[in-house]
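**Student:** I am attaching a structure below and will ask some questions about it afterwards.
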Amino acid sequence: MIRRAAWHLVTGRKEPGWAARVATLREVAAMSPAAYRARTDAALAAHLRWAATTVPALAGKVAPDAPLAAFPVLTRARLQANLEALRDPTRPREAFVLEASGGSTGAPVRVWRDVETSRWTFAQEVHLLETWGLAPWCRRAYLWGDDREQRDVPWKERVVRRLLPNLFLNAFGMDEARMAGFADRLDAFRPEMVQGYATALDLFASFLLATGRPVAAPAVVRSSAEALSAEARARIERAFRAPVRDVYGSRESTHLAAQCAHGGYHVLGAGRVVEIVDDAGAPAAPGVPGRVLVTDLTNRAMALVRYENGDVASWAPEGAPCPCGAPFPRIERVHGRTSDFLTTPGGRRIHGEWFTHLFYGREGVAKFQVHQRSLGRVEVRTVGPATEEALAPVLAAIRGAMGPEVVVAWERVDAIPLTKAGKHRFTLSDVPFLPGAP
C-alpha cells in the first residue's frame, strides 16, 4: 500500500493523463483484428497527412494522401543530415527535447521528442507490466549499465529511492566475485521483476547455473536492449526459475514489440507501425529476415516515418491467433543487435554498452567500433575528424577499464565494414565471454 501510494505521488503525478492513456491501450488491445486494422489505417493516414503537409523534409515531395510505401526510407544518415528539416516548424523549439540514442549500431542518433511522446511511452510501460500481471510500482532489480553505484546521487533522487526502493546491479563490470554479490543482494531484495541487457542476464544466469547458486525467483525476467537467443532464454529461465519476457525497442522509438504472457511477440501497435522489408524494399514474407522500418505515430515533434533502425527481424508465420487475444502483428524473431562483453586479463567482463556511453555526444565521431582481438589487445576505430588528442579521455577510460596489460590502439578510418548480415557492430570480441553452460 505504501509503495503504491509513493508511486502515484512521485512517479504517476509527473505524467498527467496516464490513466486515460492506459485505458485507451487496453481498448486497442481488446479490439478484433478488423477493428484494429481500421483504427491503425486511420491513425496512420492522419499522421502521414501531417508529415506531408507540415514537415519541410517531406512537404511538396510526397502527396498528403500518399500511402506509407510512397514515403522514402529514413536512414540514420538521412535523419541526422535532415534533423531540422524533419522537425515540425509550426511549434517552438522549446516545446521539444533533443535526445541522443545509445548508438547500439555504432552511430548515436539524435531525435526530437515532445511531451506527448513521453506520456504515451509512460502509459505503454504501465500497460505492458499490467499484461504481465505486474503493477507499475512492483519491486524491480536492474542488471543494467548506468554506473549508478559510482556517481553522486542528488538528494531528490535519494528520497525517491527510499520511497520506491529498486535494486541496481551494475552490468558494466561483471566478474565472479561481483556476480556472487549480486546473488546475495537479489535474495535479500526479492524482486518481482528482474530487468537487464540480454547478454548481462545470460552471463549472470550462466554463473548461477555453473555454481549451483539459487536466487529468489521473480515473477518475470525482462530482457531488452539486445537480441535474445533461444539458448540464452533457456539458461535465464532455468537460473531464475521464471519466464523471460523480451521487449524490443530503441531509444529513437521505444516499445516496438514485446512478449505477452503466452509468449507471443507482438508489435505494440497502438502507437507504432512496423514494416519488415527485403533489400528491394518489398514486404518480407513471414519467417524471412528483413530490414525493420518504424513509423512512430506518437511523435509529432518530428516525422519519424519509415525509419530504418538498423535491425533485422522476421514476421511470425501466419496462423492461429495468439491465446492472449491481442490483435497486433507478431514478430517471430529479432535477429539484430547483440552486444559483446569485453574480457579483461583478470576475468572481469565489461558490457559493450559501457563503451557506447563513452561516445555519447562526442564531437567529431560519426561512427566507432571497439574490437577486442585478444586478451592483450583492443582496437578502437573511429570515423570522423576527431583526433587522438581529442579522444584521449575516451582512450584513457578504456585503458583504465581493461588494465595496464592490455594494448589499446586507436585508428581513424574512412569507413567501418559491416558484418555479413549487414550490421554495424559497435563492439566486437574475439574472446569468448560466456562460461560453458552446464
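**Student:** Rank-order 87-96, 397-406, 292-301 by packing density, defined as the average count of other C-beta atoms within 10 Å over each peptide's residues, highest first. Walk me through the intermediate numbers first.
**Tutor:** On the way: 87-96: 13.4, 397-406: 15.3, 292-301: 23.3.
Going from most to least packed, we get 292-301, 397-406, 87-96.
**Student:** How large is log10 I(q)/I(0) at q = 0.15, 0.19 Å⁻¹ when the Debye formula is applied to the Cα atoms of the range 303-366, each weighted equally and without solvent?
**Tutor:** -0.81, -0.96
**Student:** Separate question: Using a Gaussian network model on the chain with a 10 Å cutoff between Cα atoms, which of A392, A200, A258 fluctuates the most?
**Tutor:** Of A392, A200, A258, the most mobile in the Gaussian network model is A392.
**Student:** I'd like to know which of A69, C324, P289 lies farthest towards the positive end of the charge dipole of the chain, counting +1 on Cβ of Lys and Arg and -1 on Cβ of Asp and Glu.
**Tutor:** C324
**Student:** Going by how many other Cβ atoms sit within 10 Å of their own, how do K14, K367, K61 line up, fewest first?
**Tutor:** Numbers: K14 10, K367 20, K61 13.
Taking fewest neighbouring Cβ atoms as first place, the list is K14, K61, K367.
**Student:** For the range 253-259, what does the Karplus curve 6.51 cos²θ - 1.76 cosθ + 1.60, with θ = phi - 60°, yield as ³J(HN,Hα) per residue in whole Hz, taken in order and with x for Gly and Pro?
**Tutor:** Here the 3J(HN,Hα) series is 8, 6, 6, 7, 7, 7, 7 Hz.
**Student:** With each run of n ≥ 4 DSSP H residues scored as -39500 (n - 2.57), what mean residue ellipticity at 222 nm is computed for the chain after dividing by its residue count and rounding to the nearest 500 deg cm²/dmol? It would help to have the intermediate numbers written out before the result.
**Tutor:** Details: 11 runs with 132 residues, N = 438.
Taking each H run of at least 4 residues, the total per residue is -9500 deg cm²/dmol.
**Student:** Taking every DSSP beta bridge that has both residues in the range 341-429, what percent is antiparallel when rounded to the nearest 5? Present the calculation step by step, with values, prior to reporting the outcome.
**Tutor:** Details: 10 of 20 bridges.
So the antiparallel bridges in the range 341-429 amount to around 50 percent.
**Student:** Right, here's the next one. Among I350, I416, what is the fewest-to-most ranking by other Cβ atoms within 10 Å? Don't skip to the end; give the middle numbers.
**Tutor:** Details: I350 26, I416 18.
Fewest-to-most ranking of I350, I416: I416, I350.
**Student:** If the convex hull of the alpha-carbon atoms of the range 123-248 is projected onto planes in all directions, what is the mean projected area in square nanometres?
**Tutor:** Values: hull surface 31.3 nm².
Here the figure is 7.8 nm², rounded to one decimal.
**Student:** If you place +1 on the Cβ of every Lys and Arg, -1 on the Cβ of every Asp and Glu, and leave all else neutral, what size is the dipole of the chain about its Cα centre, to the nearest 20 Debye?
**Tutor:** The calculated dipole for the chain is roughly 920 debye.
**Student:** Just how far, in whole angstrom, is the range 254-296 from the range 333-402 if you go by their alpha carbon centroids?
**Tutor:** 30 Å
**Student:** What residues qualify as long-range amide H neighbours of S250, i.e. H under 5 Å apart, gap of 5 or more or another chain, H built at 1.01 Å from N?
**Tutor:** Correct list: H255, L256.
**Student:** Provide the per-residue ³J(HN,Hα) series for the range 367-376, in order, calculated from phi with Karplus coefficients 6.51, -1.76, 1.60 and θ = phi - 60°, each as a whole number of Hz, with x at glycine and proline positions.
**Tutor:** Per residue, the Karplus-derived 3J(HN,Hα) values read 8, 8, 8, 10, 10, 8, 7, 7, 4, x Hz.
**Student:** Sort V73, V277 so that the residue with the fewest other Cβ atoms within 10 Å of its own Cβ comes first and the one with the most comes last.
**Tutor:** Taking fewest neighbouring Cβ atoms as first place, the list is V73, V277.
**Student:** While we're looking at this one, here's another question. Applying the Karplus parametrisation 6.51 cos²θ - 1.76 cosθ + 1.60 with θ = phi - 60° to the phi angles of the range 77-92, what ³J(HN,Hα) value in whole Hz is obtained for each residue in order, glycine and proline being reported as x?
**Tutor:** Working through the residues one at a time gives 5, 5, 4, 5, 6, 10, 4, 6, 5, 8, 7, 6, x, 7, 10, x Hz.
**Student:** On to the next question. Return the single residue from R222, R139, R213 with maximal mean-square fluctuation; model: Gaussian network over the chain, springs between Cα atoms under 10 Å.
**Tutor:** Largest GNM mean-square fluctuation: R213.
**Student:** Continuing with the same structure: By how many nm would the segment from D278 to E318 grow when fully extended, if each residue of separation counts as 0.36 nm and the alpha-carbon distance is taken off? Before the final figure, lay out each step's value.
**Tutor:** Values: separation 40, 0.36 × 40 = 14.40 nm, distance 1.81 nm.
Full extension of this stretch gives 12.6 nm more.
**Student:** Post the alpha-carbon centroid distance, the range 43-96 to the range 175-208, in whole angstrom.
**Tutor:** So the separation of the two Cα centres works out to 43 Å.
**Student:** Cα-Cα pairs above 44 Å in the chain: how many percent? Walk me through the numbers before you get to the answer.
**Tutor:** On the way: 9538 of 95703 pairs.
When every Cα pair of the chain is considered, 10 percent fall beyond 44 Å.
**Student:** In terms of modelled amide H atoms, which long-range or inter-chain residues lie less than 5 Å from the amide H of R306?
**Tutor:** Under 5 Å from the amide H of R306 lie the amide H atoms of V294, T295, D296, each far enough along the sequence or on another chain.
**Student:** Could you compute the FRET efficiency for A390 and A95, with r as their C-beta to C-beta distance and R0 at 30 Å, rounded to 0.05? It would help to have the intermediate numbers written out before the result.
**Tutor:** On the way: r = 33 Å, r/R0 = 1.11.
About 0.35, to the nearest 0.05.
**Student:** Still on this structure, please answer the following. Ignoring solvent entirely, what values of log10 I(q)/I(0) come out of the Debye formula for the range 341-429 at 0.12, 0.18 Å⁻¹ when each Cα is a single scatterer?
**Tutor:** For the requested q values the scattering log ratios are -0.33, -0.76.
**Student:** While we're on this one: Quick check on the range 213-273: what does the Kirkwood estimate of hydrodynamic radius come out to from the alpha carbon pairs, in Å?
**Tutor:** Numbers: mean 1/r = 0.0800 Å⁻¹.
Taking every pair of different Cα atoms in the range 213-273, averaging 1/r and inverting gives 12.5 Å.
**Student:** What residues qualify as long-range amide H neighbours of I331, i.e. H under 5 Å apart, gap of 5 or more or another chain, H built at 1.01 Å from N?
**Tutor:** So I331 has HN proximity to Y265, H266, V267, A316.
Here, each number is a calculation from the coordinates, and none is a lab measurement. Worth saying up front: this structure is predicted, and the values here are computed from it rather than measured. Neighbour counts are summed over all protein chains in view; Cβ atoms, including those assigned to glycine, are modelled from backbone coordinates with ideal geometry.
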